[in-house]
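Single-structure report; data block below.
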Amino acid sequence: MPLMIGLTGGIGSGKTTAANFFSDLGVDIIDTDVISHELTEPQGGAIAAIREVFTSKFITAEGALKRKEMRGLIFSDSNARQKLEAILHPLIRAEVSHRVELVSSVYGIVVVPLLLETGQYRDLIGRVLVVDCSEHDQIARAMARPGLGEQTVRAIMATQYSREERLQKADDVILNTSDMAHLERQISVLHRKYIALASRS
Ligand code: ATP
């Protein structure tokens with residue numbers, strides 16, 4: 001199995017942006033958010049189970065998950081959130097295991113927003129890379145995307161580890177506290193480090 005780096009961070013911290021820079025350097029990326037979307041697209045692998053647990057109220061006529069409605073439910077009802085996670089997490093994890101086998105770059109990156117909270121990927125990853133930024137920046141960046149108001153962003157943050165908890169568990173940290181060039185420089189340094197580590201393992 002190739003060296004896999006688990007990339008995590010709070011909502012809006014810059015995980016996708018960081019992953020894209022690694023991708024530009026030729027690193028294979030497995031993004032659990034992408035897999036989650038695929039599973040909840042029309043006729044995706046999670047739709048039948050979601051329909052059974054949450055009824056057709058949360059499924060569009062085309063057979064996709066009604067994301068906005070479901071987001072509204074799960075961040076006001078932790079029981080519902082757990083039920084959705086119980087459906088999605090095992091399916092995502094199975095797909096990640098499969099895609100790790102297909103990694104052909106010197107090392108790979110798996111992007112998991114709740115990597116540390118769930119502890120689910122420990123056996124697949126060699127190191128934890130945390131993207132860190134202030135909560136103020138996190139909220140501003142997350143809200144820059146359509147559909148997410150401050151209340152929803154704060155509710156999502158409340159379900160995630162705090163900045164301090166995440167940093168404590170990190171092997172490596174990207175400080176996404178400045179501009180894109182600052183981010184890119186840190187990723188170049190980490191890329192060299194991971195190539196060196198992969199060649200030793
Ligand atoms: P989520 O958890 O919601 O999926 P994320 O951690 O993947 O978010 P990104 O989507 O990478 O975060 O970044 C959130 C937004 O902030 C994006 O619009 C991105 O372009 C912007 N952004 C990220 N890093 C920086 C930066 N250093 N300077 C300016 N904007 C940034």
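Numbers for the structure displayed
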| item | result |
| --- | --- |
| Residue list for segment 25-34, filter: within 13 Å of the ligand (Cβ to nearest atom) and either closer than 11 Å to Leu88 by Cβ or charged (D, E, K, R) (or both) | Asp31, Thr32, Asp33 |
| Qualifying residue in segment 10-21 (condition: crowded, with 17+ Cβ neighbours inside 10 Å and more than 16 Å from the ligand (Cβ to nearest atom)) | no |
| Test: residue in segment 47-54 that is touching a helix residue (DSSP H, G or I) at 6+ places or on another chain (Cβ under 8 Å), more than 15 Å from the ligand (Cβ to nearest atom) and farther than 19 Å from Ile92 by Cβ | no |
| Residue under evaluation Thr118, criteria (1) without any contact (Cβ under 8 Å) to a residue 24 or more places away in the chain; (2) surrounded by fewer than 14 Cβ atoms within 10 Å (Cβ to Cβ), criterion not met | (1) |
| In segment 127-147, residue surrounded by the fewest Cβ atoms within 10 Å (Cβ to Cβ) [restricted to those that are assigned to a helix (DSSP H, G or I) and more than 12 Å from the ligand (Cβ to nearest atom)] | His136 |
| Qualifying positions in segment 170-189 - assigned to a helix (DSSP H, G or I) and either within 15 Å of Thr8 (Cα to Cα) or within 11 Å of the ligand (Cβ to nearest atom) (or both) | Met180, Ala181, His182, Leu183, Glu184, Gln186, Ile187 |
| Failed condition for Thr159, given (1) touching an Asp or Glu at 6+ places or on another chain (Cβ under 9 Å); (2) farther than 26 Å from Arg81 by Cβ; (3) at pLDDT below 95 | (2) |
| Residue count, segment 107-126 (criterion: more than 13 Å from the ligand (Cβ to nearest atom), in a strand (DSSP E or B) and within 14 Å of the chain's Cα centre (by Cα)) | 1 |
| Members of segment 148-169 found to be within 15 Å of the ligand (Cβ to nearest atom), among the aliphatic types (A, V, I, L, M) and either in contact (Cβ under 8 Å) with a residue 24 or more places away in the chain or at positive phi (or both), listed by number | Val153, Ala155, Ile156, Met157 |
| Qualifying residue in segment 24-32 (condition: surrounded by 19 or more Cβ atoms within 10 Å (Cβ to Cβ), of a type in the set (A, V, I, L, M, F, W, C) and part of a helix (DSSP H, G or I)) | no |
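Residues are listed down the side, and each one gets a yes or a no for (1) on the phi > 0 side of the Ramachandran plot; (2) touching a residue at least 12 places away in the same chain (Cβ under 8 Å); (3) surrounded by 14 or more Cβ atoms within 10 Å (Cβ to Cβ):
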{"residue": "Gln43", "(1), (2), (3)": "yes, yes, no"}
{"residue": "Thr55", "(1), (2), (3)": "yes, no, no"}
{"residue": "Asp77", "(1), (2), (3)": "no, no, no"}
{"residue": "Arg81", "(1), (2), (3)": "no, yes, yes"}
{"residue": "Ser105", "(1), (2), (3)": "no, yes, yes"}
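Residues checked against (1) out of contact with any helix residue (DSSP H, G or I) (no Cβ under 8 Å at 6 or more places or on another chain); (2) among the small types (Gly, Ala, Ser):
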residue: His89; (1), (2): no, no
residue: His98; (1), (2): yes, no
residue: Ser105; (1), (2): yes, yes
residue: Val111; (1), (2): no, no
residue: Leu114; (1), (2): yes, no
residue: Arg141; (1), (2): yes, no
residue: Arg145; (1), (2): yes, no
residue: Ala155; (1), (2): yes, yes
residue: Lys169; (1), (2): no, no
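The values are calculated or read from the model by the stated rules, or taken from the named source; none is laboratory data. All values reported here derive from a predicted model rather than from experimental measurement. Here the Cβ is made from the backbone with ideal geometry for all residues, glycine too, and neighbour counts use every protein chain on show.
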